[in-house]
1. From T89, T27, grab the single residue that is of a type outside the set (K, R) and modelled with pLDDT under 95.
2. Quick check on I123: is it within 22 Å of A202 (Cβ to Cβ), in contact with a helix residue (DSSP H, G or I) (Cβ under 6 Å, 6 or more places away or on another chain) and away from ligand 2 (no atom under 16 Å from the Cβ)?
3. Do any residues in the range 101-119 that are over 9 Å from D81 (Cβ atoms) and part of a loop (DSSP other than H, G, I, E, B) have Cβ atoms under 9 Å from those of residues that are among the small types (G, A, S) and within 10 Å of ligand 2 (Cβ to nearest atom), where the two are at least six apart or on different chains, and which pairs are they?
4. Assuming K38 fulfils every condition listed in (1) over 23 Å from F105 (Cα atoms); (2) at pLDDT below 90; (3) not acidic (D, E) apart from one, which condition is it?
5. Regarding C83, is this residue part of a helix (DSSP H, G or I) and either under 25 Å from I59 (Cα atoms) or modelled with pLDDT of 95 or more (or both)?
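The values are calculated or read from the model by the stated rules, or taken from the named source; none is laboratory data. All values reported here derive from a predicted model rather than from experimental measurement. FYI the Cβ positions are ideal-geometry reconstructions off the backbone, even for glycines, and counts take in every protein chain you see.
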Amino acid sequence: MYSPDTLHRLNNTEVAKKRKAAGRKDTHCECCGETATKVLPVYNPADAVRGVKGAYCTIEVCDNCYEDQKFLEDDEYFYCDDCGELFITHHSWDNLVCNLEEGRFCHACAAKRIEPLTLDEIIEQLKNEKTESWKRINAVPGKDEVWTGEYSGYSDFSGHTSFRTIVAEIREKAKAEGWAKKKLYPVISQTYQFSAVLSIFA
Ligand SMILES: [Zn+2]
Ligand SMILES: [Zn+2]
């Protein structure tokens, strides 16, 4: 299931049409209100890894604001430090940027930087609550999701879970389904206000 934002998505053809229309009629820059001269397609960082094509939306800006990158100032959008495309930073509560030491990335580019772990390493990290190396990626291209679960450290949240229950669940599933010895890719596949969805790909 895709999030509802997919319904409002513009495809590439529509972006092209909109760009053409903006060239003809007087549209206003979203940053300063002057006449807009550029229509920038903005993508959802998760789309490429979940097989959704096309831009999420467009923003219209004037030459000055484009040059000064004014549209990046309120952190609604970011440029991926690898592919260079413009992306939205979040969708409702879901933070979509993959922040790494070497930059900010869309999920497809972040997935190229993921190193596999063994089941023991994953369990060790979960037990010690050291999952900060887990990247914010919806899905790992070319791999199958073998486990997913919601984690919340807030004890008064209805979806509260402990790492202990997650570890037990992962161990059992890995044994039953025979992926205990495989190369595994743990990720944070969704983020919500009080919780995150963790997934393991193999
Ligand atoms: Zn402007
Ligand atoms: Zn990218």
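1. Numbers: T89 fails: modelled with pLDDT under 95.
Of the residues listed, the single one that is of a type outside the set (K, R) and modelled with pLDDT under 95 is T27.
2. Answer is yes for this residue.
3. These pairs meet every condition: C106/A48.
4. Here K38 clears every test but (2).
5. Details: part of a helix (DSSP H, G or I): no; either under 25 Å from I59 (Cα atoms) or modelled with pLDDT of 95 or more (or both): yes.
The answer is no for C83.
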